[in-house]
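Here the structure is laid out as structure tokens; the discussion comes afterwards.
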Amino acid sequence: MERFRVTGGTPLVGEVRVTGAKNSALKLMAVALLAEGRTTLRDVPAITDVTYMAELLRRLGAEVDRDDDIVTVDVPAKVRFAAPYHLVRRLRASICVLGPLLARCGAADVALPGGDAIGSRGLGLHLAGLEKLGATVTVEHGFVMARAGRGLRGGNVWLDFPSVGATENLLTAATLADGTTVIDNAAREPEVVDICRMLVRMGAKIDGIGTSTLRIEGVDGLSSTLHTTVPDRIVTGTWAIGAVMTRGDVTVLNGRADHLEIVLDKLAYAGATIDTADEGLRVAMWDRPRAVDVVTLPYPGFPTDLQPMIVALNAVAEGTAMVTENVYEARFMFVNELARLGADVRTDGHHAVANGRPRLSAAPVAAPDIRAGAALVLAGLTAEGETLVSGAHHIDRGYPNFAGQLNSLGAHVVRESDPDHFDA
Ligand code: UD1
């Protein structure tokens, strides 16, 4: 077990390059299962979740190679359709193999992923949608077992909530179904668009890409392809918020400002200077930021994955502001850790009200998940003294070389083994 030792007080200044999005790359790897042959993915981030997904795909019969930021997935004519619990539990996103396996094999047995530290995450929309496409779905012994012996058929699906994962599973399942599928109230996240683009390149017929109504005309087969992953808007947003919190000046190369419109609007309100140059995005902050009210919503709303960082920003900003979390019911658990750094943040249900403090004070804290972990490290950068953030492995799931990149921007962050960790 490792931790980050963060010495506060230095602004983040300089250039940093953002790689492809975790939430896209993992799904693109699963999409590769839809076609026999070798698919090549570029700009895949060097994070542990990619390692877990590679292992799962190998288990399903694919050969997966990784060379720097390029991942190749070689898919045999016949893939296996059982995704076991010991792999799925490490990576909730592995539920995204359900759609491709069902489309390709007419069967999928995928272990239920279980919970994580941000709240219960149901699968009802995934399963009800697949039933609309003609699958028989049962949940038994901790597995989702889906069958479509005579193949899937097109259908109309209305999602109660624009779930990212359900949209992706239905989309991938529908590409090889017999007839036309319409997904209404579909998720519009840039990562969903990225998956659609890759599918189209493989031969899928999809209309309405980037809108909340996706229309998919099933085809007989898809072919393997080469695709470059969309840049990670959450990592880009993390650097932007970090620049504002530390009163720094960061240019995020490869960062897409058009995928972060509301976030950048909020940072401009906080007082940041924002420059959206061709090669990237520059965020600079000269004074103490102003606290900002934020409401998380599905895209194009403010992303829930940047909520912990914006609460951390409010904790050091001038004034009082409220953050409302609408996507996950338990995503404020990290606020207790922030309080250990002296933050004045109160939560009530899905609201968090922060009274900004001019400076936090360093303390040992624990990262409960990827994004809250990154937020605690950013908070540590503004604190007086040395903040120890344990649970570095959580952050490794979503941020390639986080400590190294922070140090390249002038921060003082050391990654070290955690002598206080013990297994009971
Ligand atoms: C994806 C992202 C995650 C991000 C989230 C919302 C990946 C790997 N993860 O997660 O980082 O925070 O989108 O932008 O891409 N829900 C149900 N029933 C369902 C499906 C979802 O109740 O069948 C609920 C979930 O419990 C959650 C909310 O809907 O409260 C959002 O879930 P969803 O959009 O599906 O998120 P994920 O795809 O799991």
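The values are calculated or read from the model by the stated rules, or taken from the named source; none is laboratory data. Source: prediction; values computed, not measured. As a convention, Cβ positions derive from the backbone with ideal geometry for all residues, glycine included, and neighbour counts pool all protein chains shown.
Looking only at the range 401-424, decide whether some residue is closer than 23 Å to residue 49 by Cβ, out of contact with any strand residue (DSSP E or B) (no Cβ under 8 Å at 6 or more places or on another chain) and part of a loop (DSSP other than H, G, I, E, B). The answer is yes; a qualifying residue exists.
The listed residues are 323, 263, and the only one of them that is in the same structural domain as residue 376 (by TED's automatic domain parsing), assigned to a helix (DSSP H, G or I), closer than 18 Å to residue 372 by Cα and in contact (Cβ under 8 Å) with a residue 12 or more places away in the chain turns out to be 263. Scan the range 310-320 for residues that are in a helix (DSSP H, G or I) and touching a strand residue (DSSP E or B) at 6+ places or on another chain (Cβ under 7 Å) and the total you get is 5.
Every listed requirement among (1) assigned by TED's automatic domain parsing to the domain that holds residue 68; (2) in contact (Cβ under 8 Å) with a residue 40 or more places away in the chain; (3) in contact with a Leu (Cβ under 6 Å, 6 or more places away or on another chain); (4) within 15 Å of the ligand (Cβ to nearest atom) is met by residue 194 save one, (3).
Just the residues that are farther than 19 Å from residue 11 by Cβ, outside any helix (DSSP H, G or I) and either out of contact with any Asp or Glu (no Cβ under 8 Å at 6 or more places or on another chain) or basic (Lys, Arg) (or both), please, taken from the range 228-253. Answer for the range 228-253, where residues must be farther than 19 Å from residue 11 by Cβ, outside any helix (DSSP H, G or I) and either out of contact with any Asp or Glu (no Cβ under 8 Å at 6 or more places or on another chain) or basic (Lys, Arg) (or both): just 232.
Between a first residue in the range 77-99 that is over 13 Å from residue 52 (Cα atoms) and among the basic types (Lys, Arg) and a second residue that is assigned to a helix (DSSP H, G or I) and more than 15 Å from the ligand (Cβ to nearest atom), which pairs have beta carbons less than 9 Å apart while being 6 or more apart in sequence or on different chains? Every condition considered, the pairs that remain are 78/105; 80/59; 80/101; 80/105. I'd like to know if the range 151-165 contains one or more residues that are in contact (Cβ under 8 Å) with a residue 12 or more places away in the chain, under 24 Å from the mean Cα position of the chain (by Cα) and closer than 23 Å to residue 41 by Cβ. Looking for residues that are in contact (Cβ under 8 Å) with a residue 12 or more places away in the chain, under 24 Å from the mean Cα position of the chain (by Cα) and closer than 23 Å to residue 41 by Cβ, one finds at least one in the range 151-165, hence yes. More than 11 Å from the ligand (Cβ to nearest atom) and surrounded by 19 or more Cβ atoms within 10 Å (Cβ to Cβ), is that true of residue 187? Considered against the rule, which asks whether it is more than 11 Å from the ligand (Cβ to nearest atom) and surrounded by 19 or more Cβ atoms within 10 Å (Cβ to Cβ), residue 187 comes out as no. Residue count for the range 370-397 under the criterion of being at pLDDT 95 or above, under 20 Å from residue 233 (Cβ atoms) and in a loop (DSSP other than H, G, I, E, B): the result is 0. Among the residues of the range 163-175, are any surrounded by fewer than 18 Cβ atoms within 10 Å (Cβ to Cβ), away from the ligand (no atom under 16 Å from the Cβ) and not in a loop (DSSP other than H, G, I, E, B)? For the range 163-175, residues surrounded by fewer than 18 Cβ atoms within 10 Å (Cβ to Cβ), away from the ligand (no atom under 16 Å from the Cβ) and not in a loop (DSSP other than H, G, I, E, B): absent. Residues in the range 335-369 that are among the β-branched types (Val, Ile, Thr) and either assigned to a strand (DSSP E or B) or surrounded by 24 or more Cβ atoms within 10 Å (Cβ to Cβ) (or both): 345, 347, 353, 365.
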